[in-house]
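The structure appears right after this line, and notes come after that.
Quick note: the coordinates plus some simple rules give every number you see, no bench work behind them. A quick note: this is a predicted structure, and the numbers were derived from the prediction, not measured. Cβ atoms come from the backbone with ideal geometry, glycine included; neighbour counts cover every protein chain shown.
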Amino acid sequence: MSIRERLSGNEATAIAMKQINPDVVAAFPITPSTEIPQYFSTYVDNGEVDTEFVAVESEHSAMSACIGAEAAGARAMTATSANGLEYMWEMVQIASSMRLPIVMALVNRAISGPLNIHSDHSDAMAVRDSGWIMLFSETNQEAYDNMIMAHRIAEHKDVNLPLMVCQDGFITSHSIENIELFEDEEVKKFIGTYKPEHYLLNRKNPISMGPMDLQAYLFEHKRQQWEAMKNAKKVILDVSEEFEKLTGRKYELFEEYKMEDAEYVIVCMNSTAGTVKNVIDRLRTEGVKAGLIKIRVFRPFPGEEIAKTLLHAKAVAILDKTPILNLTGGPLFEDITSAMYTSNVTVPTINYSYGIGGRDVTEMQIESVYRDLQTLKNNENPYRFLGLKTK
Amino acid sequence: MKDLIEIRWHGRGGQGAKTASLLLADAAFNTGKYIQGFPEYGPERMGAPMTAYNRISTTPIRVHSNVYNPDYVVVVDDTLLSAVDVTAGLKEDGAIIINTTKGIEEIKPLLKGYKGSVYTIDARKISEEALGKYFPNTPMLAAIVKVTEIMPDADFVEDMKGSFKHKFSKKPEVIDGNMKAIEIALKEVKKVQ
């Protein structure tokens, strides 16, 4: 039986963590993810979980503690945002190269500076090639569902990679919305017990983890990480299918909304997708064939699959919720256009930087993107700004 | 009630507008609706103008932006009338509810020609009478429920009993006062335009 509730994205994430009941949670508070370890520490205090809660002195230590715990054979989790993630950066790479399926809640916020506590994806984008699986969530429901699926994906024997579940700071993390929750027992059953193949506290098979790895084998080990990332695609789909059987909620690598006959397509991630869906429904009543691709799985990137869905589009707009300072396009734009090129999909494609530092993303802005797409001429300036004040 | 109503709250930091918007979301949720309740976070300071929002709908809510064309506006502090454009985008078939002791002739010039309904309530008097302290958010919450008719008064009162029991589990002595504030506010909110 599912439980009808109303929760913020942070509350939903904390409840997912309570139901997961990990062995170790190590975290340092940072807005807007602070509430997650805050609520979770209450569960620890009340005895609702038997987790070892490590109140570390920094995010670097939070990730280090998770690495130590996970290497020992425990299930470890953390939560952070923006500069907290940047401060962990060194250990983020080590977690994935040691093949430790740590799960992190990343509440997306603009990286300083100047100081800004509001949402954009610059934090996630700065670790996009760190070897972590990255799932994005439109709503509190998706943040919760992705978290429930996270360990099954990360801990799968063909994967063994850390995983982060992203959601937009404040927009979903602090907004109360309807949600359907699992019963605790159902989560327990779905996730199962963590049985790592190799771990430090296994007296029968003593091993060393994270040793020096020079010319002889580092390359091969990186190739193995690549294989694991490749395997993750199938595992994500399998776990999502099993999840759908339980809940009726369907998750794939990306969501297609009104894409069957779409001529004008927006690609985006997280909370903006809901706003785009509203605009699509309105434009469709005017006869505009508008569609949306919402990325759920950003790493591993489903480039080939996305390129295929864009084959019959007339024009595509890729929305990057991050400042684009390289003059070659945002991360999502680069990934998709590169996949389109290698898949021989040639459709005029433009890129918008938008929603920076919590700039509100309105239906009017999204509608203007579809209007731009309808009048787009090939090779027109692909690099644009949406919702930027020009006066 | 319409299929979707959108509400904007104007208050000052510390007056509880955010809490009121979350309690309103709670109450509407308990009637089976789809809801959103979220504050627009800025640099949070006591006394600084702040905004919070609600959406209440009969169908799932997908939009994730602030509310620009509210059906209702709640003004928790009447000094905001001259500081903030409280009627911006407010629908003419909607209403504005203001915590004030002033009459319509004094308020009207501050509403920039707004032609829709105007309600007032003296939340200070109610709060001080019921709670002995000035917490305007509880009377304002009752006022918006009354004006929007999202649920019958009796259901709302019953629902708030549960909410307050939960919210004030560590200071149960304020529950009765808050319930009293709600009951008075439901009676005292009045249409002045």
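When only alpha carbons of region B:4-191 are considered, Rg and Dmax amount to 15.4, 45 Å.
What is the dipole size for region A:67-218, taken about its Cα centre, with +1 at each Lys and Arg Cβ and -1 at each Asp and Glu Cβ, in debye to the nearest 20?
The calculated dipole for region A:67-218 is roughly 760 debye.
For the cross-link pairs B:K91/B:K191; A:K294/A:K321; A:K157/A:K230; A:K258/B:K91; A:K294/B:K33; A:K289/A:K314, the ones whose C-alpha atoms lie over 20 Å apart are A:K258/B:K91; A:K294/B:K33. From the cross-link list A:K204/A:K234; B:K18/B:K161; A:K245/B:K165, which pairs have alpha carbons spaced over 28 Å apart? As for pairs spanning more than 28 Å Cα to Cα, those are A:K204/A:K234; A:K245/B:K165.
Which of B:Y114, A:Y352 comes first, and how do the rest follow, when ranked by fewest Cβ neighbours within 10 Å? Ranking B:Y114, A:Y352 by Cβ neighbours within 10 Å, fewest first, gives B:Y114, A:Y352. Seen from all directions on average, region A:1-153 presents a Cα convex hull projection of 8.9 nm².
Each semi-axis of the equivalent ellipsoid for chain A is √(5λ) with λ an eigenvalue of the Cα gyration tensor; in descending order they amount to 35, 23, 20 Å. A DSSP coil position with no more than 11 other Cβ atoms inside 10 Å describes the following trypsin sites (Lys or Arg not before Pro) in region A:69-159: A:K157.
Which percentage, to the nearest 5, of the DSSP beta bridges contained in chain A is antiparallel? Approximately 20 percent, going by the DSSP bridge assignments.
Select from region A:245-298 those GluC sites (Glu not before Pro) which occupy a DSSP coil region and have at most 13 other Cβ atoms within 10 Å, ordered by residue number.
A:E260, A:E286
Name the residues of region A:4-45 whose amide N is less than 13 Å from a point 7 angstrom out from the Cα of A:V56 along the C-beta direction? From region A:4-45, the list is A:24-30. Summarising the label geometry, the points placed 7 Å from Cα in the beta-carbon direction at A:A216 and A:N326 lie 3.5 nm from one another. With springs connecting C-alpha atoms under 10 Å apart, model chain A as a Gaussian network and identify which of A:T247, A:T31, A:T349 has the largest mean-square fluctuation. For chain A, modelled as a Gaussian network with Cα springs under 10 Å, the answer is A:T247.
Note on A:L246 and B:L4: the model spin-label points, each 7 Å out from Cα along the C-beta direction, lie 3.2 nm apart.
Bridgeable aspartates and glutamates around B:K133 (alpha carbons under 14 Å apart, same-chain partners fewer than 8 residues away excluded): B:D122, B:E173, B:D176.
For B:H10, neighbours were defined as the other residues whose beta-carbon sits under 13 Å from its Cβ, and their charges (Lys and Arg +1, Asp and Glu -1) total -1. Rounded to the nearest whole Hz, the Karplus-based 3J(HN,Hα) values (6.51 cos²θ - 1.76 cosθ + 1.60, θ = phi - 60°) of region A:133-143 follow the sequence 6, 10, 10, 10, 9, 6, 10, 4, 4, 5, 4, with x at glycine and proline. Helix A:82-97 axis versus longest C-alpha principal axis of chain A: approximately 60°, rounded to the nearest ten. The simple spin-label model puts a point 7 Å past each Cα toward its Cβ; for B:D93 and B:A154 those points are separated by 3.0 nm.
Scaling against 2.2 N^0.38 Å puts the C-alpha radius of gyration of region A:60-111 at 1.06.
Would you mind calculating the gained length between A:L201 and A:D45 on full extension (0.36 nm times residue separation, minus the Cα-Cα distance), in nm to one decimal? If you can, show how the numbers build up before the last one.
On the way: separation 156, 0.36 × 156 = 56.16 nm, distance 2.68 nm.
Working it through step by step, the gained length comes to 53.5 nm.
For the protein assembly as shown, a simple Cβ point-charge model (Lys and Arg +1, Asp and Glu -1, everything else neutral) yields a dipole of about 740 debye relative to the Cα centre.
Computed from Cα atoms, the angle from the helix A:9-20 axis to the main principal axis of chain A rounds to 40 degrees.
If you take the alpha carbon radius of gyration of region A:234-389 and divide it by 2.2 N^0.38 Å, what ratio comes out, to two decimals?
On the way: Rg = 15.3 Å, N = 156, 2.2 N^0.38 = 15.0 Å.
Scaled against compact globular proteins, the figure is 1.02.
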